[in-house]
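J.: Below is the structure I would like to discuss, written out as structure tokens.
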Amino acid sequence: MIMLYDNPNKTSHFKPFEELTITDDFMFGVVMSEPSNLKPLLESILNIKIAQIHYPERQKVIDVTYDAKGVRLDVYCEDEKNTVYSIEMQVTDQRNLPKRIRYYHDMIDLNIIDKGENYKELKKSYVIFICCFDPFGTGRYMYTFKRQCQEEPGIFLGDETDSIILNVNGSVGNINSELKATLAYMSGKMPDDGYTKTLDKAVKKVKENEKWRRDYMTFAMKMRESNELTGLSIIISAIKKSRNKLTEQDIMEMFGLSSEQLSAILEAIDANPDMDEWEIANIILFR
């Protein structure tokens, strides 16, 4: 086993449990796993009434194939009309929202129907990103996207895939008072609103729960391992491509590896010529 970090028990950039807010991935997932918290949020975003939320799942992972990376969804649920909702918090701007949205819609569809089934089985789906930044720089509270004909703007494709991006720091646009208060709460304020008070109580309740504290530490460690796996797979790919062009010293300096770490990587590559980078990284880190 090889460690790429000095302290294997370090949870990287994760906050202390006591400092979590509703915008943190873990806290958002826990709080919104309760239908009574999730349903009002969806209703305020979409300006609709929902009778019932079915099986909201925290941190749902959709794996399409055996070796697929999959995609982790913060909240994944359905309503009584079989409409699917995926909601995710976005704290930092990685400038890839459009393609992430596209990927989420695709993964949702592939999860709904198995290969070979009729496409008519696909359900109406919403992918909703709540951002702590303005991805388009116009100051809007909300950006709603539907597939629309460019030549005839009045014609919509009607594929029942809607995408919504919310900006917690927005100030432009007409949204209902409930959603405006919710976004303000997510930006760090405490509006005098019934729903935001409910959310704040839910956050405090999670922090008082020792089980959630333990789960958070496990979550943080797993995410760190996932980040380490991704980083190592990238290093392995680069070493495979440049191995015959660079010296071992060059490779160590390029990736900040010790001679022991590089030796372990090279041995794993040579011993498993038919494996891809992810499989080799798993062997190095976890076996």
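All of the numbers you see were taken from the coordinates with simple rules; none came from a lab. If you're wondering where the values come from, they're calculated on a predicted model, not measured in any experiment. As a convention, Cβ positions derive from the backbone with ideal geometry for all residues, glycine included, and neighbour counts pool all protein chains shown.
J.: Would you calculate the separation in nanometres between label points at T92 and K204, each defined as 7 Å from the Cα along the Cα-to-beta-carbon direction?
T.: 3.1
J.: Still on this structure, I have one more. Once fully extended, how much extra length lies between N227 and E151, figured as 0.36 nm per residue of separation less the alpha-carbon to alpha-carbon distance?
T.: 23.0 nm
J.: Quick one: dipole size for the chain, taken about the Cα centre, charges +1 on Lys/Arg Cβ and -1 on Asp/Glu Cβ, in debye to the nearest 20.
T.: Rounded to the nearest 20 debye, it is 700 debye.
J.: Further, regarding this structure: Work out how far the C-alpha atoms of the stretch 153-287 reach from end to end along every principal axis, then list the three figures in whole Å, largest first.
T.: 62, 52, 27
J.: Say the dipole of the chain comes from +1 at the beta carbon of Lys and Arg and -1 at that of Asp and Glu; which of G231, N96, F26 then lies farthest toward its positive end?
T.: Of the listed residues, the answer is F26.
J.: Tell me the angle of helix 177-186 to the major Cα principal axis of the chain, expressed in degrees between 0 and 90 and rounded to the nearest ten.
T.: Helix 177-186 sits at roughly 30 degrees to that axis.
J.: If you don't mind, another one. Please compute, for the alpha-carbon atoms of the chain, the extent along each of the three principal axes and give them in descending order in Å.
T.: 61, 50, 36
J.: Return the ratio Rg/(2.2 N^0.38 Å) for the stretch 212-286, where Rg is computed over Cα atoms only.
T.: Here the Cα radius of gyration is 1.25 times the empirical estimate.
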